[in-house]
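To keep things clear, I will list the structure first and then write my remarks on it.
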Amino acid sequence: MRSLLLLSLVRMSLWSKGRDRGDGEDRGDEGNRVWGVRERQKAIAPHSTPHTPCPTPNTLRPTPNTRDILTTALSFRSTQTAMEEAEGAGEQSSLEITRLRGQLETLTQQVNRLQREKSDLETRLRTTTERFEASIQDLQREKADLEIMLDTMAEHSTTVEAELQDKADEAIRQSEAQFRLIAEAAPVPVLISNISDGAILYANDIAGSTFGITPSELMGHSTQEFYWDASDRHKVLTVFAKNGFVQNYELKLKRADGTSFWVMLSLRPFMFNDELTFLSAICDISDRKQAEDALRIAEANYRSIFENSVEGIFQSTPEGRYLNVNPAMARMFGYASPAEMIAQITKIDSQVYVDPLYCDEFKTRLEEQDEVVGFEYQAYRLDGSVFWIAASARAVRDANGQLLYYEGTSVDITDRKQEEEWLKQQLELLRFEMDQGKIEAQVAEITETEYFQQLKVELKGVRRGDGC
């Protein structure tokens with residue numbers, strides 16, 4: 001029994017030693033036998049399924065060291081030899097034999113434990129190897145499935161790409177058709193031109209009529225040819241470079257016959273026939289520009305009349321303040337400037353009108369009739385003197401009929417009033433003189449009548465009779 005145990009320990013030691021040294025080192029007779037067993041086990045393993053190297057038992061759990069195994073075997077052999085020598089000689093005491101037997105039992109337990117650990121490691125190695133081989137087979141199947149799926153998806157993607165391309169081409173055709181319909185229906189000229197040189201690529205019918213040539217002829221020209229001022233194109237491009245678009249930019253263009261007209265230009269980047277271009281919409285604002293010029297002239301004329309008129313011109317609020325007066329109005333009331341008069345007069349009814357009732361009557365007539373002509377009243381100058389004014393005014397209202405202010409003119413009629421007063425006095429004097437002349441004529445006419453002459457004779461006779 002002891003010999004078999006010793007032999008097993010030696011075999012384990014040699015197997016571990018041969019594994020640690022590798023296949024190329026000297027294993028000894030016992031090591032060669034262990035190595036041969038391992039080679040036969042490798043030959044039995046399947047070669048058809050490749051797999052990655054599996055973890056060795058050393059990677060799973062630390063194995064007993066070869067030196068420990070040899071030490072244990074030598075200790076075991078030494079103990080056994082000692083026991084045999086003790087039994088053969090018969091000279092040792094029983095106590096020494098007992099001690100040696102205890103050591104032998106301890107070594108036997110260690111050997112058994114090492115054998116159990118070796119068996120457990122082999123079982124784990126076998127289980128791990130089987131698990132890895134199964135995982136490799138699953139991965140191979142998944143790889144085959146993925147390859148099939150990839151091939152299917154590649155074929156499907158090619159089909160889908162072709163379908164998407166067809167749909168994109170059709171969408172582009174529909175988009176171009178819709179754009180042409182919209183451009184032709186637009187009430188303003190629409191142009192598409194190259195960004196670089198301004199060559200016109202498309203023009204709708206209204207663009208042709210606006211520039212005085214047909215759309216097909218217009219597409220043979222460049223937008224640069226239709227700028228009244230050639231530098232305006234650079235200004236437009238500068239605005240586009242800054243904002244990325246141009247919106248409601250006013251400039252002057254020229255038609256094919258050379259006549260000028262004003263437009264409001266809006267410009268956007270636009271993909272046309274796979275090329276980045278300018279999409280331009282043009283609105284003819286010549287009528288508006290003419291109206292603005294006419295209004296500007298009218299305002300200038302009004303301002304000239306307002307400033308140079310000999311009549312006073314004013315705008316006032318219903319609350320009794322002046323909004324605006326011209327120089328003639330300020331001079332009329334004795335102020336140095338319109339601004340001074342506007343600043344100092346805050347209550348027209350008491351600071352301007354001698355009799356505030358005339359102010360109330362003036363406002364009432366304006367509210368009822370919206371216009372008053374030749375309204376005469378007495379007013380105060382800045383120095384307190386009184387003079388006569390004839391005012392004509394109208395009420396200015398908003399779109400809802402709400403009264404905004406009054407505007408009108410004032411004329412100094414003091415001289416005329418004085419002349420009227422003198423004439424009135426002269427008329428009264430004339431009437432008195434005419435009345436005196438009439439009385440004398442009537443007396444003369446009465447004295448010349450026959451009846452008066454008879455009365456006169458009778459009266460003389462009566463006087464004679466009384467004198468007798």
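The values are calculated or read from the model by the stated rules, or taken from the named source; none is laboratory data. What you see is a predicted model; the values in this text were computed from it and never measured. Please note: Cβ atoms are built from the backbone with ideal geometry, for glycine as well, and neighbour counts cover all protein chains shown. When the accessible area is computed, the model is the full protein with side chains, heavy atoms only, and any ligands, DNA or RNA have been set aside. Shrake-Rupley method; radii C 1.70, N 1.55, O 1.52, S 1.80 Å.
Values computed for the structure shown
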{"item": "Which listed residue, of 154, 162, is under 30 Å from residue 277 (Cβ atoms), part of a helix (DSSP H, G or I), open to solvent by less than 60 Å² (accessible area, probe 1.4 Å) and modelled with pLDDT under 85", "result": "162"}
{"item": "Single residue of the range 181-221 satisfying the filter (assigned to a helix (DSSP H, G or I) and polar (S, T, N, Q)) that is farthest from the chain's Cα centre (by Cα)", "result": "216"}
{"item": "Residue list for the range 276-293, restricted to those being free of Cβ contacts under 8 Å to residues at least 60 places away in the same chain and surrounded by 11 or more Cβ atoms within 10 Å (Cβ to Cβ)", "result": "285, 286, 288, 289, 290, 291, 292"}
{"item": "Single unsatisfied condition, residue 198 versus (1) modelled with pLDDT under 90; (2) on the phi > 0 side of the Ramachandran plot; (3) surrounded by 13 or more Cβ atoms within 10 Å (Cβ to Cβ); (4) of a type outside the set (Asp, Glu)", "result": "(1)"}
{"item": "Near pairs, Cβ below 6 angstrom, 6+ apart or cross-chain, from the range 120-136 (among the aromatic types (Phe, Trp, Tyr)) to any residue that is not in a helix (DSSP H, G or I)", "result": "132/54"}
{"item": "Residue count, the range 320-375 (criterion: closer than 26 Å to residue 303 by Cβ and in a helix (DSSP H, G or I))", "result": "15"}
{"item": "Single condition residue 444 does not satisfy, out of (1) open to solvent by 80 Å² or more (accessible area, probe 1.4 Å); (2) at pLDDT below 80; (3) not hydroxyl-bearing (Ser, Thr, Tyr)", "result": "(1)"}
{"item": "Filter result for the condition that a residue is in contact (Cβ under 8 Å) with a residue 60 or more places away in the chain, under 22 Å from residue 186 (Cα atoms) and either of a type in the set (A, V, I, L, M, F, W, C) or open to solvent by less than 70 Å² (accessible area, probe 1.4 Å) (or both), over 261, 272, 226", "result": "272"}
{"item": "Residue match in the range 208-227 (condition: touching a helix residue (DSSP H, G or I) at 6+ places or on another chain (Cβ under 8 Å), of a type in the set (A, V, I, L, M) and farther than 17 Å from residue 261 by Cβ)", "result": "no"}
{"item": "Members of the range 384-411 found to be over 19 Å from residue 316 (Cβ atoms) and among the β-branched types (Val, Ile, Thr), listed by number", "result": "386"}
{"item": "Residue within the range 245-253 that is over 18 Å from residue 283 (Cβ atoms) and modelled with pLDDT of 90 or more present", "result": "no"}
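Residues checked against (1) more than 20 Å from residue 193 (Cα to Cα); (2) in a loop (DSSP other than H, G, I, E, B); (3) of a type outside the set (S, T, N, Q); (4) open to solvent by 40 Å² or more (accessible area, probe 1.4 Å):
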{"residue": "232", "(1), (2), (3), (4)": "no, no, yes, no"}
{"residue": "241", "(1), (2), (3), (4)": "no, no, yes, yes"}
{"residue": "248", "(1), (2), (3), (4)": "no, no, no, yes"}
{"residue": "318", "(1), (2), (3), (4)": "yes, yes, yes, no"}
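Residues are listed down the side, and each one gets a yes or a no for (1) closer than 24 Å to residue 308 by Cβ; (2) touching a Leu at 6+ places or on another chain (Cβ under 7 Å):
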site	(1), (2)
335	yes, yes
342	yes, no
358	no, no
382	yes, no
